[in-house]
Amino acid sequence: MAELIQPIRGMNDVLPEQSPGWTAVESAAAAIFDAYGYQRLRIPVLERTDLYRRSIGESTDIVEKEMYTFDDRNGDSLTLRPEATAGMVRAGLSHGLFHNQQQKLWCSGPMFRHEKPQKARYRQFHQLSLEAVGFAGPEIDAELIVMSAHLWARLGLESPTLELNSLGTPESRGRYREALVAYFDGSRDILDADSLRRLEINPLRILDSKNPDLRDLIAAAPELSDYLDSESRDHFEQVTHLLTDVGQSYVLNPRLVRGLDYYTRTVFEWVTDRLGAQSAICSGGRYDGLVAQLGGRDTPAVGWALGLERVVELMAAEGREIAAQSPDAYLVMAGDRARREGFAIAERLRADVPGLRLTFDCVAGGMKAQLKRADRSGARLALILGDDELAAGQVSVKALRERSPQESVELGELIERLRRDGAH
C-alpha cells in the first residue's frame, strides 16, 4: 500500500461539517458589502515580491521572516500573497480604476505567512478584505468600522471589542520616531535582539513586541497622541464623534500601531478574549500614501481585513456554531425500474420546488436498509418509490421526524405540498 501524503504543516483542510460556518460568514459579509455599494475584485495569489517590500515595509516581520518567496524559471522573485491590500491597490493601478474615480472594493481568499502554527494562526489562512479608495473624509473611516460591527451583529457575536488609535501623518510619526529612539536608546541593555534591530530601522515596531520582559518599558514609552499634527487630531475626533452618534462603543488604545508600514491616521482592531493569544479578528485603518508609493497619484484610502478562521472559531467559542443542513427529503427506490424513473422524478422535484434539498440512495440495497440511511441523513421526509407506487403513478411519503401515517400522493400533489410547506 502506498504511503499516505500528509498535509503541509499549518495548511488545513476545511471539512464538510466545518463549511457551514464559513459560508455563514462569507454570505453575511457579502450581503453587507453589497448594501454599502462595495464591488468584488479578484486578485492573483502570486505577485512580484517587490510589491510587498515597497508596501508592507522592509522592517516588518512579514517581509523579513514570514513571506513565501521564490524565484521562478525566469529568475523573477515571486511571493505568495501575505495580505490583500497591496494586491488590490496594484490591480487598481494596473487597470486605471483610481484615475479620477472613487472605488469601494472587496476581495476574499487565502493568504500565506510562514509563522509558527497555533490555534487560530495558520500558514495558509483566509481573509475578507474591504477597501475604499479615493475618500479623504472621516465618514468613510466610520463607515468601514460600522460595517464590521454590523457583521458581528448579524453573526450573533457579542465579545468583539473595538480598539482605536491614530498614527497621524508620516511627518508627525517622524517626530514621534525621534522621541522613541531617544527613549529606547537609554535602555539598550534590556532590549532583546529584535528590538535593537527595530530601534535602528523602525522603532514603532518595538511597541508590537510580545516579549514580557519589555512590557513595563513599553508601557512607559512616549505616546503617539502627544505628537499628532492638528489635522490628524481633528480627523480622528470626527471619526470618534461619528461612531458615538450611531451608538458604536470603542476603546482608545495608544499602543495600537498595526504591523504594516503603510498605515496613516486612523487604525483600529476588533479584539476578543475568547481565542487566547490570537485576540485580533479584524484589523484595518487608513493608508493614504500607499497608492502613490506603488506608482499612482496621491490618493486617500482606508480598509480592513478579517480572518475567516478566527471568526469561525469565535462563533464556536460563543456557541454560535452553524450545523450542516440536513436534506429536506430522501428518495428511496426499490428495483431497477424505480431507480431509473426515480432519477427523473428527483430532477423534476428539484426543478419545481425552489430551494429543495433532496438526495437519494446510490447504494444498492433493500428498502429497509435505505430507510435506515434516510433516517441517519437527518431528512424530514422519505419519498418511497417501488413497484406499487410506479403502477399507481404515485410516491409514498413517510415522515421521519414526527408521528404521522405514511401516505401515497401523486407527483403533482407532492410538488404543491413541498412548495406550500416550504422546502426548508
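Bear in mind these aren't lab numbers, they're just calculated from the coordinates by the rules spelled out. Nothing here was measured: the structure is a model prediction, and the numbers come from that model. Ideal geometry is used to build each Cβ from the backbone, glycine not excepted, and the neighbour counts take in all protein chains shown.
Taking 314, 162, 199 in turn, the Gaussian network model of the chain (Cα-Cα springs below 10 Å) assigns the largest fluctuation to 199.
Under a Gaussian network description of the chain, with springs only between Cα atoms under 10 Å, the residue in 160, 170, 327 that fluctuates furthest is 327.
Once you reduce the stretch 68-115 and the stretch 372-400 to the center of their Cα atoms, the two points are 52 Å from each other. Counting lysine pairs in the chain that sit 8 or more residues apart in sequence, or on different chains, and whose Cα atoms lie under 22 Å apart gives 7.
For the stretch 226-306, relative contact order (Cα pairs under 8 Å, six or more residues apart, normalised by length) works out to 20 percent. Let me know the shape class of the stretch 303-372, please: from the alpha-carbon gyration tensor, a ≥ b ≥ c as square roots of the eigenvalues, rounded when a/c is under 1.5, otherwise prolate if a/b is greater than b/c, or oblate. Here the stretch 303-372 falls in the prolate category.
Across the chain, the mean sequence separation of Cα contacts (distance under 8 Å, 6 or more residues apart), normalised by length, yields a relative contact order of 16 percent. When the chain is treated as a Gaussian network with alpha carbon springs shorter than 10 Å, the biggest mean-square fluctuation among 36, 52, 330 belongs to 330. Within the chain, the proportion of C-alpha pairs whose separation exceeds 36 Å stands at 42%.
Projecting the Cα atoms of 204, 243, 128 onto the charge dipole of the chain, computed from C-beta unit charges around the Cα centre, puts 128 farthest toward the positive end. Each residue in 250, 262 was given a count of other beta-carbon atoms within 10 angstrom of its own, and listing them fewest first yields 250, 262. The relative contact order of the stretch 354-424, computed from alpha carbon pairs under 8 Å that lie at least 6 residues apart in sequence, is 29 percent.
If you sort the three axes of the alpha carbon gyration tensor as a ≥ b ≥ c, you get a/c under 1.5 for the stretch 329-421, which makes it rounded. The calculated 222 nm mean residue ellipticity attributable to helices in the chain amounts to -11000 deg cm²/dmol, summing -39500 (n - 2.57) over DSSP H runs of n ≥ 4 and dividing by all residues.
Relative to the longest principal axis of the Cα atoms of the chain, the long axis of helix 336-352 lies at roughly 50 degrees. Mind running the shape call on the stretch 221-279? Use the C-alpha gyration tensor, a ≥ b ≥ c as the square roots of the eigenvalues: rounded below 1.5 for a/c, prolate if a/b tops b/c, oblate otherwise. Since a/c reaches 1.5 but b/c is at least a/b, the shape of the stretch 221-279 is classed as oblate.
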